[in-house]
Each structure stands twice: as structure tokens, then as C-alpha cells.
1. What single numbered condition from (1) open to solvent by 50 Å² or more (accessible area, probe 1.4 Å); (2) modelled with pLDDT of 85 or more fails to hold for L29?
2. Restrict the check to region 119-128 and report whether at least one residue is open to solvent by less than 70 Å² (accessible area, probe 1.4 Å), at pLDDT below 90 and either of a type in the set (D, E, K, R) or in a helix (DSSP H, G or I) (or both).
3. For region 192-199, indicate whether the set of residues that are more than 19 Å from the chain's Cα centre (by Cα) and acidic (D, E) is non-empty.
4. Could you look through region 154-197, keep only residues that are touching a strand residue (DSSP E or B) at 6+ places or on another chain (Cβ under 6 Å), basic (K, R) and open to solvent by 90 Å² or more (accessible area, probe 1.4 Å), and pick out the one that is nearest to L107 (Cα to Cα)?
5. Restricting to region 139-153, give me the number of residues that are within 18 Å of Y101 (Cα to Cα) and open to solvent by 50 Å² or more (accessible area, probe 1.4 Å).
6. Looking at region 2-26, which of its residues are open to solvent by 60 Å² or more (accessible area, probe 1.4 Å), in a strand (DSSP E or B) and at pLDDT below 85?
Amino acid sequence: KANPFRGLSADYSLGLDRDMRKEYDPRDLGFGREIKRNQKANTKFRLSLVRWLEQNYTFQATYDEINDPTRRTGQVVLDSLTGAVLDARDITTKNNISAKYNFKVNLLLKSLGGSTKGEEKSFLLRRIFGLIGGYADPVNTTWRRDKTGSNFNLVGRPRLAYQLGLDDQLIVRQVGTGLTKQDQRSRSDQLDVSGGMKVPKGLRFKPSFS
């Protein structure tokens, strides 16, 4: 976990399962054969340059890999020439990116209404800004993109950029793919906007859009 500067935090974890019955030789730094991998990355960034606008950005990525013939969801893949079991792996990726904005309309309008700069400006206009600022609620906007994918029978491991969801192009050879086990990939985008305003008699108007 790292916090390089204020407002930014990053977290990374890597979990490995190894079969100590195979390829175990401490003299050659061989500590078993890797059969499973779980990798998670999480980044958050908060930006607040002005009092009336807060910005929050997040990025999350999860990468799961199974490289154990006894636990993989697909069938064991054999070399067509030698009949040996190929070192194929199944992977699953999940990542999302989001941006959240908190637009404090009330603070901005009150600031404009109470400004003493430019007395030549209409006094009435400033009074209207200040009045509306006393009733307006902040406007919240959230945008989010989710991507998931499953790939089977890969001969090698994808590049790190693909594992983290930064690259959508899978440059790895696949073998033994059939009709019963096909790659899957999906993407969804969502936008939510909400706000509010106080109205007479203690009521509150709170519209939202998705």
C-alpha cells in the first residue's frame, strides 16, 4: 500500500498457490509449480481545488488465474504431436473505473451573492444568488464503467497491462477452444446525477437521473 502524496492512495496484493510436489528444488530456488494466482490493484485519487467542487476517482482491477489441470474449468489440453499436457491456463478479469463529482451549488451561489467585488454589478442579482444558495442542495454526479472477461486455454500469461485492465487486446495463443467453452467479455457504463432543493413548508425536492 502506498500514499505518494495527499489525495492519492494505491494498494496492490498478489496471492500465489504452489504445488510443492512438483518442481521443488530449494537449491535452484524452485519452490513448487504455480497453480493459482490472484492479483488485486486499487487506486483512489481525491482532488479539491475549490471549496464548491470535490472530485473522486477510483480504479480497481482483479485478475484470477488457474494453471492446475485438476482445478481448471476447461478440459485438459493435449499437444497434438507429443500427447503431453500443455501448460494452459484459464483467467478471469474484473475491473472498474469511476469518477464522482460533488458540486456544492449552495456554496458557490452564496459566495457569488455575498461578493463585494464590482459594486457596479446589480445588487438585486447578488441577492438572488444568495437566496437560491440558501435552498439549493449539492449536485452529485457519478460515472462508472465495469468490464469483465473470461479466457480459456491460454498457452502463456497475458501482459501486465491486460491483467490490470489497461489494455483490452489479448496477445496470447489459445488452444483447444470449442463450442462448449468460449471466451466471454462484457462492458457496462452507468451515469447517475442527483440534486435537490428546499421548498416552502419544510418540503424538499430531490430529482435524480440515471
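The values are calculated or read from the model by the stated rules, or taken from the named source; none is laboratory data. Values in this document were obtained by computation on a predicted structure and should not be read as measured data. Note that each Cβ is placed from the backbone with ideal geometry, even for glycine, and that neighbours are counted across all protein chains shown. Heavy atoms of the whole protein, side chains included, go into the accessibility calculation; ligands, DNA and RNA do not. Shrake-Rupley method; radii C 1.70, N 1.55, O 1.52, S 1.80 Å.
1. Going through the list (1) open to solvent by 50 Å² or more (accessible area, probe 1.4 Å); (2) modelled with pLDDT of 85 or more, L29 breaks only (2).
2. Yes, region 119-128 contains a residue that is open to solvent by less than 70 Å² (accessible area, probe 1.4 Å), at pLDDT below 90 and either of a type in the set (D, E, K, R) or in a helix (DSSP H, G or I) (or both).
3. no
4. Here the residue is R187.
5. Residues meeting the conditions: 4.
6. N3, P4, F5, R18, M20, R21, K22, E23, Y24
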